[in-house]
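Working notes, beginning with the structure itself.
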Amino acid sequence: MQAELMTLALVAALAVFAYSVGTKVRLFARMAPENRIDRPWRRLGLLFRIGLGQSKLVARRKERSAGAMHFFIFWGFMVLALREIILFGNAYHPGFQELLPLLGSDSPLGLGFLYTFLYDLTEVVVLAMVAIAVYRRLVIRPRRLDLNVEGLVILGLILGVVVTDLFYDAAKFNLVALWGQDLHLLHSPVFGAERTWAPFASLLATGIAPWGHAINAGLVEFGYWLHVGVILVFLNLLPLGKHAHVISALPNVFFGSLGYPHTPAALLDLEDEKAWENEALGVTRVEQLTWKQGLDVYTCTECGRCYDICPTYVTKKPLALKWMNDALRHYLEEEADHIIATGRSSDARQLVGDVIRHDTLWSCTTCRACEEVCPVSIEHVPRIIAMRQAQTLMQEQYPKELTPTFRGLEQNANPWNIGYDKRADWAAELDFEVPILTEPPTEAVDVLMWVGCMGSFDKRSQKVAQATARLLQQAGVSFAILGTAEKCSGDLARRSGNEMLYQALARENVETLNGLGVQHVVTQCPHCLNALKNEYPQLEGRYEVFHHSQYIARLVDEGRLTLAPSVEGTVTFHDPCYLGRYNREYDAPRKLVGATAKEAPVEMRRSRNESFCCGAGGARMWMEENIGRRVNEERVRQAVEVGATTIAVGCPFCMTMIDDGVRQSGRDDEIKVKDVAELVLESLAKPGTEPVQH
Amino acid sequence: MSNVLVVAEVKGGAVRKPTLELLGKLKQDGHTASAVLIGSGVQAQADTLAGHGAAKVYVADDAALANYAQDRYVAAAADAAGQAQADMVWLSASEFGKALGPALAARLGAAFAADCTDVTISGDAAEVMRPAMATKVRQKLRLKKPGVKVVTVRSGAFDAQPAEAKSADVATLAAPAGDGRIVVKEVVQEDTGRVDLGDAATVVSVGRGVRGPEGVEFVQPLADALGAAYGASRAVVDSGWMPFELQVGQTGRVVTPDVYFAIGISGAIQHLAGMSGSKLIIAVNKDPDAPIFSVADYGIVGDLFKVVPVLIEEIKKHKS
């Protein structure tokens, strides 16, 4: 009877579950393909670290308590999953546990009993965690969480799972101990009975013993079936809402991006006339997102870690990533039938415009902070770029301020349309000559100095280029520049979706660099660094690229530059997104800042991989910032908080934005903004002085 | 000596400066210039054109021409070109000239060159210079096709000559032909009540150095005294002291006036991109290292709150 009932329940529940999940799978199958099963061993690594290790949840200091809570619930589920197998198995074979390897009464080392202790403890821990979770939602109310019924229902179900099992166990213990019923518990001469190993259920048993035989016997039956019911309802509710992550998070982590922090923007085939006709360049329609991007939005639990970390959300702009996920998921749900049936979404609503507002799409600075903190490896930025590509290439719907910038890049390969012949003028102010590379370098040239548009044309950044050149010269590095043959790396074109302009610039640069046989490049601009290092390989441009802070730090290590701290006051380093989060370099610039500051440098509350963007990334430098507060001013406030008198930067765009923010705050007399290369140049030791250690 | 017809562009009831530049060039080179005025209530402008060197002014003045209408304007201009027996027709390369020029050339079966920076007429042929390949090279074209030739010329390429007081020799054109298939119903322009930045010969812009809305008001009399348009850098607009429409720079308006005053503007590259094409740049800034001085023709290092009143006084003195 028990077995038949269980079979009925299981078949029904699993059929519904298979149908819900199957619908999603059929939907994903209709979305753009993408290979996410390459290098499986490295993917398992992700699964262990981010998934099982819950690294994104517990490693962040700011979120450690909430992260720990989740860690215990997650591992609670892992431990209890085995318990469910045992319980469900009991319907078919009383004493099912005895059949399981290593878990029976005579298991070596008493593993079966140890497991009993483990799950008993786990149930109480999960209970406590659920209580904390409810408390957070109802009393603490962190800003990143939005209270909703679904969250509370899910917590209620988790509570139900645990409580029903505890009562089932407790009542069962009473039936065995008080009324002598044989209910197939574990028992062994060495380890005793199961009850000894389940202290919490045992305690509860003592509590409910006075209720009498009838109630206890009823509780065993009722507790068991209620438990089974709750589990099956839970299973079937999951795929329907935001808690689908319970099912999809581990796969999503496994299918996450490898290597470079996220999948580089796809190199679009711009010669493909069909693609132009079908509006298949970039993402115009929701089904043009890849299946992984589809899985991403179903995996989002709306935990809101991407809220607090996002420079645009913090400054009150319309981009809130968890709501973008939510909007995309609802739109996918809406269109699922149509997409599955025809392969296309209906024309009822436009993806960009109706579902995702233009302001939202263009707010993103592509700083990647959201991806850095997302516990389930959702890639937010690539899909934003993909949608911008469609907007720029085919709809011509981009912020109109970008027009002169695009024209400048087209005509003179710099955003301001300054005559390209003036590109190397900055070098004329040096008291030595910087050679211009015109033929393949011989052994005599160690490294090509890639100046970038800002270093070439912007007065302030020219000083950084000059400082870098002086340091290279001082250290006896033989280097050269491309002179007027250098063009914008194309980063800003690519981030603003102008793939055509990006490819034009990048191809010309690759042709120049490959033609000259360049192998090593040093640049002061992290955006150029990222393009040359991570994106030019798509176009057969492969170079070893250093940020100037990395290269200079190496020169200091090798003893070719000696530093004596000279910078007075409190120094703090502002991490550029494209150096830090995009290229994982946090230490080289800090090392230089530390070696040049007289006092030990301080860290802002947002630093390293959680650094706060200056507001210029993602081509935002070239757009108006009319909504909300200004990102750069917010960042300057954070520097003021820690009492900085010098803000060290490592990116010409950060330089402009932070400098602007300092002036806007009226503190330009108190706070200096300096590039790390300038700090190093100021602190070059005169012969005979010893560097000071902090 | 050639016979050239200039198609006059009228905006807000006055002939626009680029038209006068074309007449100035023709006068300078000793060609016979005539002009055609098209619009509604434009007759009064004929004397201005005559004063700048138009020997004869053809006028198509009709209510149906109040707004730009492609086929009617083309018909009127073609009519004038025929009556004037013009060897060439010149238009400025403005939105107006860009729309009208090619259509007119097609109607006349004429050779056409757009966006020229110089025109030399020699005998039957005309030689023009124009930027090409995205301004990377300058192209010299020779228009050899016999008969009339049409060119559009970039504004600022030539200089207008001083006006003489003259009354025009007016020839009235017949009522406008054309079926009016394309009708501009209305032209709406935001009324700022100020001199438009794009058209102004003189622009005064203020930067963060003004320190607040009071500073913006403080410098305003300088713009008024000069009859200049008043603009601002991004910092001033971001602070909400002036509206975005008045922002000069990369993401705002690009201006190329004869004289540009940068008051309290340090000269970030984003700003320079919007004004460095100005003919004469005068900067006032307290920081001698401010990048604005690298593009300025004249620079005053000093506190703008002290310098500006002196400037205003001197300008007033000079005017009276």
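Which helices (runs of 4 or more DSSP H) does the stretch A:587-676 wholly contain that include 2 or more residues that are among the β-branched types (Val, Ile, Thr) and within 26 Å of residue B:238 (Cα to Cα)? Let's see the steps before the verdict.
Details: elements: A:587-596, A:631-641, A:652-664.
Result: A:631-641, A:652-664.
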Selected residue [of a type outside the set (Gly, Ala, Ser), more than 27 Å from the chain's Cα centre (by Cα) and within 24 Å of residue A:477 (Cβ to Cβ)] from A:565, A:576, A:601, A:526: A:565
For the stretch A:616-629: of the residues being within 12 Å of chain B (Cβ to nearest Cβ) and under 23 Å from the mean Cα position of the chain (by Cα), which is farthest from residue A:660 (Cα to Cα)? A:619
Can you tell me how many residues within the stretch A:430-473 are away from every other protein chain (no Cβ under 13 Å) and crowded, with 19+ Cβ neighbours inside 10 Å? 17
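So which residues in the stretch A:439-473 are closer than 18 Å to residue A:555 by Cα and of a type in the set (D, E, K, R), if there are any at all?
Start the filter on the stretch A:439-473 by keeping residues that are closer than 18 Å to residue A:555 by Cα, which leaves A:444-450, A:464-473.
Within the stretch A:439-473, A:446, A:470 qualify.
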Given (1) away from every other protein chain (no Cβ under 14 Å); (2) under 24 Å from the mean Cα position of the chain (by Cα), number of the condition residue B:214 does not satisfy: (2)
Just to confirm my filter: which helices (runs of 4 or more DSSP H) fall fully inside the stretch A:203-312 and include at least 1 residues that are closer than 30 Å to residue A:91 by Cα? A:213-237, A:245-254
If the Cβ limit is 8 Å and pairs must be 6+ apart or interchain, which residue in the stretch B:68-81 that is over 17 Å from residue B:170 (Cβ atoms) pairs with which residue that is among the charged types (D, E, K, R) and not in a helix (DSSP H, G or I)? B:71/B:179; B:71/B:181
Being modelled with pLDDT under 95 and either in contact with an Asp or Glu (Cβ under 7 Å, 6 or more places away or on another chain) or away from every other protein chain (no Cβ under 14 Å) (or both): is that true of residue A:665 here? yes
Given the condition over 20 Å from residue A:226 (Cα atoms) and not in a loop (DSSP other than H, G, I, E, B), answer yes or no: does some residue in the stretch A:154-172 qualify? no
Of all the residues that make up the stretch A:640-660, how many are under 14 Å from residue A:525 (Cα atoms), away from chain B (no Cβ under 13 Å) and out of contact with any Ser or Thr (no Cβ under 8 Å at 6 or more places or on another chain)? 3
Identify the residue in the stretch B:276-291 that is in contact with a helix residue (DSSP H, G or I) (Cβ under 8 Å, 6 or more places away or on another chain) and more than 22 Å from residue B:217 (Cα to Cα) and, among all such residues, is nearest to the other protein chains (Cβ to nearest Cβ). B:291
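One line per residue, one yes/no per condition, for (1) in contact with a helix residue (DSSP H, G or I) (Cβ under 8 Å, 6 or more places away or on another chain); (2) more than 24 Å from residue A:673 (Cα to Cα):
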| position | (1), (2) |
| --- | --- |
| A:411 | no, yes |
| A:417 | yes, yes |
| A:430 | yes, no |
| A:447 | yes, yes |
| A:456 | yes, no |
| A:479 | yes, yes |
| A:487 | yes, yes |
Any chance you could count how many residues in the stretch B:4-31 are surrounded by fewer than 18 Cβ atoms within 10 Å (Cβ to Cβ) and either without any contact (Cβ under 8 Å) to a residue 40 or more places away in the chain or assigned to a strand (DSSP E or B) (or both)? 5
Filter the stretch B:129-175 for residues that are more than 14 Å from chain A (Cβ to nearest Cβ), among the basic types (Lys, Arg), over 25 Å from residue B:107 (Cβ atoms) and touching a strand residue (DSSP E or B) at 6+ places or on another chain (Cβ under 7 Å) and give the result. B:140
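Which residue is nearest to the chain's Cα centre (by Cα), if the candidates are limited to the stretch A:410-433 and must be among the small types (Gly, Ala, Ser) and assigned to a helix (DSSP H, G or I)? First the steps, then the outcome.
Filtering the stretch A:410-433 for residues among the small types (Gly, Ala, Ser) gives A:413, A:419, A:424, A:427-428.
Still in the running and assigned to a helix (DSSP H, G or I): A:427-428.
Numbers: A:427: 39, A:428: 43 Å.
Out of the qualifying residues, it is A:427.
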Can you run down the residue pairs with Cβ atoms below 7 Å, 6 or more apart or on separate chains, where the first is in the stretch A:500-521 and β-branched (Val, Ile, Thr) and the partner is part of a helix (DSSP H, G or I)? A:510/A:536; A:510/A:539; A:512/A:485; A:521/A:532
Those residues of the stretch B:245-260 which are more than 12 Å from chain A (Cβ to nearest Cβ) and hydroxyl-bearing (Ser, Thr, Tyr), in sequence order: B:256, B:260
When residues of the stretch A:566-621 are limited to those that are surrounded by fewer than 24 Cβ atoms within 10 Å (Cβ to Cβ) and of a type in the set (Asp, Glu), the one nearest to residue A:382 (Cα to Cα): A:610
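Just checking, how many residues over the stretch B:139-163 are in a loop (DSSP other than H, G, I, E, B) and of a type in the set (D, E, K, R)? Reasoning before the result, please.
Initially, the stretch B:139-163 is screened for residues in a loop (DSSP other than H, G, I, E, B), giving B:144-148, B:154-163.
In the following step, the residues that additionally are of a type in the set (D, E, K, R) were identified as B:144-145, B:154, B:159.
Count: 4.
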Anything in the stretch A:396-421 that is more than 11 Å from chain B (Cβ to nearest Cβ) and either crowded, with 17+ Cβ neighbours inside 10 Å or at pLDDT 95 or above (or both)? List them, or say none. A:398, A:406
When residue B:263 is run through (1) within 10 Å of another protein chain (Cβ to nearest Cβ); (2) buried (at least 20 other Cβ atoms within 10 Å of the Cβ), the failure sits at (1)
Residue A:637 vs (1) under 22 Å from residue A:310 (Cβ atoms); (2) surrounded by 24 or more Cβ atoms within 10 Å (Cβ to Cβ); (3) over 22 Å from the mean Cα position of the chain (by Cα); (4) more than 14 Å from chain B (Cβ to nearest Cβ): all pass except (2)
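Results for (1) among the hydrophobic types (A, V, I, L, M, F, W, C); (2) assigned to a helix (DSSP H, G or I); (3) on the phi < 0 side of the Ramachandran plot; (4) crowded, with 17+ Cβ neighbours inside 10 Å, shown as yes or no for each residue.
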{"site": "A:22", "(1), (2), (3), (4)": "no, yes, yes, no"}
{"site": "A:36", "(1), (2), (3), (4)": "no, no, yes, yes"}
{"site": "A:48", "(1), (2), (3), (4)": "yes, yes, yes, no"}
{"site": "A:121", "(1), (2), (3), (4)": "yes, yes, yes, no"}
{"site": "A:130", "(1), (2), (3), (4)": "yes, yes, yes, yes"}
Among the residues in the stretch B:231-246, are any in the same structural domain as residue B:295 (by TED's automatic domain parsing), modelled with pLDDT under 90 and under 20 Å from the mean Cα position of the chain (by Cα)? yes
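The values are calculated or read from the model by the stated rules, or taken from the named source; none is laboratory data. Keep in mind the model is a prediction, meaning the values are calculated, not measured. In this analysis, Cβ positions are derived from the backbone assuming ideal geometry, glycine residues included, and neighbour counts consider all displayed protein chains.
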